[in-house]
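I have placed the structure first, in the form of structure tokens, so that the comments after it can refer back to it.
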Amino acid sequence: MSRVSTGPSTGPTAAHALLTRLHEHGVDKVFGVVGREAASILFDEVEGIDFVLTRHEFTAGVAADVLARITGRPQACWATLGPGMTNLSTGVATSILDRSPVIALAAQSESHDIFPNDTHQCLDSVAIIKPMAKYAAELQRPHEITDLVDSAVTAAMTEPVGPSFISLPVDLLGSSEGIDASAANPPALTPARPTGAVAPGWQAAADAAAELLRSAEHPVLVVGAASIRSGAVPAIRALAERLDIPVITTYIAKGVLPAGHELDYGAVTGYMDGILDFPALETLFGPADVILTVGYDYAEDLRPSMWQRGTEEKTVRISPTPNPIPRVYRPTVDVVTDVLAFVEHLDTATASLAAKKRHDITPLRARIAEFLADPENYADGMRVHQVIDSMNTVMTETARPGEGTIVSDIGFFRHYGVLFARADQPFGFLTSAGCSSFGYGIPAAIGAQLARPGQPTFLIAGDGGFHSNSADLETIARLGLPIVTVVVNNDTNGLIELYQNLGHHRSHDPAVKFTGVDFVALAEANGVEAARATSREELLAALRKGAELGRPFLVEVPVSYDFRPGGFGALSI
Ligand code: TP9
Ligand code: MG
């Protein structure tokens, strides 16, 4: 609905209307870097929506992604035209592959001067972003901005949730032509939860799932993040506890059951058998005869090949999105509906069912405990599992039950985080499962700390990923966010070295090795207090200091990986 005024152009500008409408949809932050469009938009024009200046647009995109993920509301990021927009594009890629309702905004050349690839800094932004967005449009007339924001929010909040993009020619942004200041905006109608597909007759499919459960001996719930977005976590927990069904999650759905819950069989990664030197996937999935994949999303990197072990299983796919990947996953029963609606239906349909007897994973738990108890002091640097175990210790001392966030950048250490990091709430462990751009850590930690201001945020990052985006340490310092960062430093893109060794049985230093960076000095240069720790004792002391500080803190930890010959020969990825 557009409200067109024919009067003179003196009212609020499209920029003002844009911020107003974003705020009406619940957006309270715009992360970004402003360019020459600063002449046409002032971000303090509208109360309740703040601009957060970042050093890089990728940081802006990921911070918005994580803030949106945790708050369940859309959040926004901003870039200038041309290179600003291309820098932002990896943030947009993160939100499409990681499923987050981000409204990405970029300035564009004046409307009469849009000649992509010819005009200074002018690229065809909509064409570039469209393949990785739920919606992408360019503002044509200033008074239509409210409608464009509404379309962007609706698309972003539809499962699979993801980013929407609006390109804003700078002259239109600063214009009030056609905007009727006296007319009130229509209600924003932001959905409280994402909207998804509901197949007619899904209840019959849910009844078929209940029937499979009835005859199952060792059923398992495999839970993905769409379950969290649908508000189904308490219902899933109640169902699992009533029927004694174990819960296994994707990387990013860790925390669906609180840490230490007896039915929490953990999150899985294709690297786990290699890391643990133990048949973990076989132990977890071998005995399972019915697998309910609840809120299943292939982009979360939990692949059907991981559960296809031992006993031949029947599968149920529950998702608010019709199956996009039948070639790799064609379930026995497919239920396309809201996850919460399904779990409630299943709960009623199985009301008379006796509890199952969950299969035993004691050997796997014993292996993990043995691994983490490793007391050794290694001369060539700590091991990553020791680092994560220390972070868990201090997080447990610091966070109230059901609180706290451990954020992981991308690297080999991330897969140790998937296995070992404490997550005591949904999205209590944050990583980018879908896009996995390194450099994710700092912006994700910023988003998490802003979303959960009273709770501790710990970040683990590798030297490679961290230093690809470390300029935004200054953003952490400027905002005074009490994030405790641990940089595990092996002067190497370690995960890539692992692949080189797999492919060629030897490493090739120039492709993966760096010369040393002094991360303590780097942190201090950016206004962040820092320390170096080379043993568990030193690390625990540093983490405790950081957690108590109330300001940003960084710990550099020299690490080394043990690449056992053949240990990763059978990566399940
Ligand atoms: N470029 C981008 C933007 N993202 C990714 N994921 C790559 C390249 C490929 N991955 S995971 C990784 C790379 C280069 C290296 C990570 O090295 P690290 O020092 O951060 O971690 P670690 O522990 O594996 O050495
Ligand atoms: Mg490294």
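Here is how the numbers come out for the structure above:
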quantity	calculated
Asn526 vs. criteria open to solvent by 20 Å² or more (accessible area, probe 1.4 Å) and within 16 Å of ligand 2 (Cβ to nearest atom)	no
Flag if Gly464 is within 16 Å of ligand 2 (Cβ to nearest atom), out of contact with any Ser or Thr (no Cβ under 6 Å at 6 or more places or on another chain), small (Gly, Ala, Ser) and in a helix (DSSP H, G or I)	yes
Single condition Val520 does not satisfy, out of (1) of a type in the set (A, V, I, L, M); (2) exposed (fewer than 14 other Cβ atoms within 10 Å of the Cβ); (3) in contact with a strand residue (DSSP E or B) (Cβ under 6 Å, 6 or more places away or on another chain)	(2)
Boolean, Val488 is within 14 Å of ligand 2 (Cβ to nearest atom) and part of a strand (DSSP E or B)	yes
Given (1) in contact with a Gly (Cβ under 7 Å, 6 or more places away or on another chain); (2) without any contact (Cβ under 8 Å) to a residue 40 or more places away in the chain; (3) surrounded by fewer than 21 Cβ atoms within 10 Å (Cβ to Cβ), index of the condition Arg193 fails	(2)
Search result, residues across segment 262-308 that are within 18 Å of the chain's Cα centre (by Cα), of a type in the set (S, T, N, Q) and open to solvent by 10 Å² or more (accessible area, probe 1.4 Å)	none
Number of the exception - Ile361 against (1) open to solvent by less than 40 Å² (accessible area, probe 1.4 Å); (2) within 16 Å of ligand 1 (Cβ to nearest atom)	(2)
Yes/no for Glu24 being out of contact with any helix residue (DSSP H, G or I) (no Cβ under 7 Å at 6 or more places or on another chain) and touching a residue at least 12 places away in the same chain (Cβ under 8 Å)	yes
Selection count, segment 437-461, where residues are open to solvent by 10 Å² or more (accessible area, probe 1.4 Å) and either touching a Phe, Trp or Tyr at 6+ places or on another chain (Cβ under 8 Å) or of a type in the set (A, V, I, L, M, F, W, C) (or both)	4
Pick from segment 505-517, criterion open to solvent by 10 Å² or more (accessible area, probe 1.4 Å) and within 12 Å of ligand 2 (Cβ to nearest atom), ranking: modelled with the lowest pLDDT	Gly516
Flag for Ala192 being in a loop (DSSP other than H, G, I, E, B) and closer than 21 Å to Ile228 by Cα	yes
Single residue of segment 471-488 satisfying the filter (of a type outside the set (Val, Ile, Thr) and surrounded by fewer than 24 Cβ atoms within 10 Å (Cβ to Cβ)) that is farthest from ligand 1 (Cβ to nearest atom)	Gly480
Test: residue in segment 112-125 that is surrounded by 24 or more Cβ atoms within 10 Å (Cβ to Cβ), more than 22 Å from the chain's Cα centre (by Cα) and not in a loop (DSSP other than H, G, I, E, B)	yes
Residue among Tyr296, Tyr265 that alone is closer than 17 Å to Ala433 by Cβ, aromatic (Phe, Trp, Tyr), touching a Lys or Arg at 6+ places or on another chain (Cβ under 9 Å) and modelled with pLDDT of 95 or more	Tyr296
Residue in segment 495-504 that is among the acidic types (Asp, Glu), within 15 Å of ligand 2 (Cβ to nearest atom) and surrounded by fewer than 19 Cβ atoms within 10 Å (Cβ to Cβ) present	no
Some residue of segment 426-442 being within 14 Å of Val484 (Cα to Cα) and either of a type in the set (A, V, I, L, M) or in contact with a helix residue (DSSP H, G or I) (Cβ under 9 Å, 6 or more places away or on another chain) (or both)	yes
Check on Gly162, open to solvent by 30 Å² or more (accessible area, probe 1.4 Å) and modelled with pLDDT of 95 or more	no
Selection count where residues are touching a residue at least 40 places away in the same chain (Cβ under 8 Å) and either open to solvent by 10 Å² or more (accessible area, probe 1.4 Å) or farther than 17 Å from Ile361 by Cβ (or both), scope segment 217-242	17
Tally, over segment 532-573, of residues that are at pLDDT 95 or above, part of a loop (DSSP other than H, G, I, E, B) and either open to solvent by 80 Å² or more (accessible area, probe 1.4 Å) or hydrophobic (A, V, I, L, M, F, W, C) (or both)	2
Any chance Met395 is within 16 Å of ligand 2 (Cβ to nearest atom) and touching a strand residue (DSSP E or B) at 6+ places or on another chain (Cβ under 7 Å)	no
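Condition check ((1) within 13 Å of Val487 (Cβ to Cβ); (2) away from ligand 1 (no atom under 13 Å from the Cβ)) across all residues:
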{"site": "Ser507", "(1), (2)": "no, no"}
{"site": "Asp518", "(1), (2)": "yes, yes"}
{"site": "Ala523", "(1), (2)": "yes, yes"}
{"site": "Ala531", "(1), (2)": "yes, yes"}
{"site": "Ser535", "(1), (2)": "no, yes"}
{"site": "Ala541", "(1), (2)": "no, yes"}
{"site": "Lys545", "(1), (2)": "no, yes"}
{"site": "Gly550", "(1), (2)": "no, yes"}
{"site": "Asp562", "(1), (2)": "no, no"}
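The values are calculated or read from the model by the stated rules, or taken from the named source; none is laboratory data. Everything numeric in this text was worked out from a predicted model, so none of it was measured. Here the Cβ is made from the backbone with ideal geometry for all residues, glycine too, and neighbour counts use every protein chain on show. Note: areas computed on protein heavy atoms with side chains; ligands, DNA, RNA excluded. Shrake-Rupley method; radii C 1.70, N 1.55, O 1.52, S 1.80 Å.
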